[in-house]
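Everything below concerns the one structure shown next.
Read-outs throughout are calculated quantities, based only on the coordinates presented, and are distinct from any laboratory measurement. Every value quoted in this text rests on a predicted model; they were computed, and no experiment measured them. FYI the Cβ positions are ideal-geometry reconstructions off the backbone, even for glycines, and counts take in every protein chain you see.
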Amino acid sequence: MTEARPAQGGTRLIVVSGLSGSGKSVALRTLEDIDYYCVDNLPSALLPAFVRAVSEDTAGLHPKLAVGVDVRNRADDLDRLPGVLAGLAEVGIDYELVFLDTRNEVLIKRYSETRRRHPLSGDGLGLADAIALERKLMRPIAAIADRTIDTSELNVHQLRRLVIAELGMKAHSLTLLFESFAYKRGVPSDADFVFDARCLPNPHWNAQLRPLSGRDAPVREWLEAHADVTRYFEQIRSFLEAWLPRFLGEGRSYVTICVGCTGGRHRSVHLVERLTEHFRPHHDQVLSHHRELE
């Protein structure tokens, strides 16, 4: 993996490439969630015009750009990409080419599970042969990538977190991810802090509230009417405010705070929503994820 170029201007461009089924769409959607202006499958020839049009917006709305490039582009278009990127660097565009790779057997399994069609599987070409051809066509792009990410062992949520932590970060900032979960499905493996909300009053036993989630106003109002819920929230908030600065001081850039309850729908969701709302004004990037709702 080569070193990424230092920033030369106010615009940052991430080019996301890789094999079909490796997670490019997930990566682009994640970048879009953290305020990148994203375009998928843009021909290389149009890349300079796209960057110029968006980055020179008089309102300065989109200094962060991301573009997906893959085998759906014509072969001559892929061959043109290195020269196009070199031209962008000459005019001061800070770019990074990220290549997502995945082992062949994992790609075959993913396509079998989703029953999606590989973009090169036409004309009687089998899946294994289509993957081999794609790997050959994408080899020149992989060779010049600034960063290669093997997604073979990553699920969707792990890939999202990796993209946020390694690609979407501002320098010297701390990104927080608040995640709700159900204990019956296990604690998230990448949690830094885990808080157990099963000790709190449970809206599940209210027939009117059971179909709703902690995002809904009736559930929120019901929970906030209980002093123990507010006390629990305040103690988590106080604990995190006291200790999160230590993580930044130690050079950490990403912290996952998980809150669990029995079903992962009411109490944990409510607390995650409140914590996200509280911490968002104080950190550059604060994200929330409700595992059992998504």
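Dipole check for the chain: with +1 at the C-beta of Lys and Arg, -1 at the C-beta of Asp and Glu, and the Cα centre as origin, the magnitude is about 700 Debye.
Structure remark: mean-square fluctuation, Gaussian network model of the chain, C-alpha springs under 10 Å; the largest value among 14, 131, 108 belongs to 108.
The stretch between residue 231 and residue 109, if pulled fully straight at 0.36 nm per residue, gains 39.2 nm over its current Cα-Cα span. Going by neighbour counts of Cβ atoms within 10 Å, the residues 183, 254 line up, fewest first, as 183, 254. Using r as the Cβ-Cβ distance of residue 158 and residue 198, and R0 as 30 Å, what FRET efficiency do you calculate, to the nearest 0.05? In this case the efficiency is close to 0.75.
So if R0 is 41 Å, what FRET efficiency would residue 224 and residue 52 give, r being the distance between their Cβ atoms, rounded to the nearest 0.05? The pair residue 224/residue 52 has a calculated efficiency of 0.25.
Computed per residue of the chain from DSSP H runs no shorter than four, each worth -39500 (n - 2.57), the mean residue ellipticity at 222 nm is -12500 deg cm²/dmol. The residue among 84, 108, 152 whose Cα reaches farthest toward the positive pole of the charge dipole of the chain, with charges on the beta-carbon of Lys, Arg, Asp and Glu, is 108. Taking 0.36 nm per residue of separation and subtracting the current Cα-Cα distance, fully stretching the chain between residue 25 and residue 148 would add 42.7 nm. Rank 31, 154, 13 by mean-square fluctuation in a GNM of the chain with C-alpha springs under 10 angstrom and give only the top-ranked residue. Comparing 31, 154, 13 in a Gaussian network model of the chain, the most mobile one is 154. Each of [x] 157; [y] 130; [z] 119 is a candidate for volume of the Cα convex hull per residue in Å³; the one calculated from this structure is [x]. Residues of the stretch 119-146 falling in the label zone of residue 32, defined by backbone nitrogen less than 20 Å from a point 7 Å along Cα to beta-carbon, are 119.
The length gained on full extension between residue 72 and residue 185, counted as 0.36 nm times the residue separation minus their Cα-Cα distance, comes to 36.9 nm.
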